[in-house]
Structures are given as C-alpha cells and as structure tokens.
Amino acid sequence: MDKISQNSQTAFQNTSWTQTDPANFESMLNTSYNKFSSRSLTNRNPATSKKSAATIVPLYIKNYGSYYTSNTLLNAIYQEFNTKIKYSISLIDQAKQYSQSISQNSQSIKDTINSINTSLDPLTTSFTDLEKTVINQWMDYVKKIIFKFIVYL
C-alpha cells in the first residue's frame, strides 16, 4: 500500500496538455478548412455544364467540409478524435483524481486491511481446529474403510 501511495503521487505529473491539445486540434481543423473552403475552379464550358456558373467548387472541397458539419471528411476526423482521444483524456483525468484519493487515504486503507486481517484470525483458527478434530479424523476413517473393502474383495 505504501508503494502504491508513493507511485500515485508522481503518476500524473504533467497532464496540462489534456487541457490545451484538444482545442489546438480543433483550431488546426478549422484552419485547414478555411485554407481550402474558398477554392474553386473555372468552369471551362458553362454552356454544356449543368451549372451555368463561371466557377465551380470541386466535389472534394465540398466533401472536405467544416469539422462541425456532419458527413464531411473533417467531421469524420473530428468524431474519431472525440470518441478516442477526448474519451482517453477524460479517463486520464479520472485516474489522476483516483490516484490522489489513494494517496490521501492510504493509511486509512491500510488500517482497514489490518482490521480485516485481525477479524479473520479467529475464523482461521476455528477452521484449523475443525480440520484437526473432525475432518482429518473423518478422512482417516474413510481410508480405513476403503482399505478394508479393497482387502475384502
């Protein structure tokens, strides 16, 4: 218990990145989208095209999309980030809290375990006495009967 308490004090020394990295990642997704969102191509033949506009937005730009718009490539990346990285970050934060709790309560935990051991000692002694006085004698008796039965056959 002492070793666990000691390790728990140093297990999560630098987790400041859990507060900054998710926002930085979202910012990078946003920057990436803004870089490409206004790109378009000149429509070389607007007369035969379904779109009569002089410029068209390529499908790969439309599919790239904003990270907060459903069914876009950046949104799929963002959703995976949320389900894996952000979830892992919340687990790290919980583990850090539990670790601090272990460290703070280690003496209480040790006292409780020692109390349980003290309480179980009489029970263990009772089982040992039962084994000596009843179970071992019964097993010896059964062995004798089986031996006599085999000899008789």
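Assorted remarks:
- With respect to the conditions (1) more than 19 Å from the chain's Cα centre (by Cα); (2) of a type in the set (A, V, I, L, M, F, W, C); (3) surrounded by fewer than 11 Cβ atoms within 10 Å (Cβ to Cβ), Ile61 lacks only one, and its number is (3).
- Total residues in the range 75-111 satisfying the condition of being more than 30 Å from Asn34 (Cβ to Cβ), surrounded by 11 or more Cβ atoms within 10 Å (Cβ to Cβ) and under 13 Å from the mean Cα position of the chain (by Cα): the figure is 4.
- A Cβ distance below 8 Å, combined with a sequence gap of six or more or placement on separate chains, defines the contacts here; from the range 135-150, residues that are free of Cβ contacts under 8 Å to residues at least 24 places away in the same chain and among the polar types (S, T, N, Q) reach no residue that is part of a helix (DSSP H, G or I) and surrounded by 10 or more Cβ atoms within 10 Å (Cβ to Cβ).
- Set side by side, the residues Lys96, Lys86 differ, and just one is under 30 Å from Ile113 (Cα atoms) and at pLDDT 80 or above, which is Lys96.
- Restricting the first member to the range 69-98 and to residues that are more than 30 Å from Thr10 (Cα to Cα) and in a helix (DSSP H, G or I), and the second to residues that are among the polar types (S, T, N, Q) and at pLDDT below 90, the beta-carbon pairs closer than 7 Å and six or more apart or on different chains are Leu73/Asn63; Leu74/Ser66; Asn75/Thr69.
- Checked against (1) at pLDDT 80 or above; (2) loosely packed, with under 11 Cβ neighbours inside 10 Å, Thr125 meets all criteria but (1).
- Qualifying residue in the range 36-49 (condition: at pLDDT 80 or above, surrounded by 10 or more Cβ atoms within 10 Å (Cβ to Cβ), closer than 30 Å to Ile109 by Cβ and not polar (S, T, N, Q)): no
- Condition check for Thr118: of a type in the set (S, T, N, Q), farther than 16 Å from Ala11 by Cα and exposed (fewer than 12 other Cβ atoms within 10 Å of the Cβ): yes
- Where Ile135 falls short, out of the listed (1) over 30 Å from Asn7 (Cα atoms); (2) at pLDDT 80 or above: (2)
The values are calculated or read from the model by the stated rules, or taken from the named source; none is laboratory data. Since this is a predicted model, take the numbers as computed values, not measurements. Don't worry about glycine lacking a Cβ; one is built from the backbone with ideal geometry, like all the others, and counts go over all protein chains shown.
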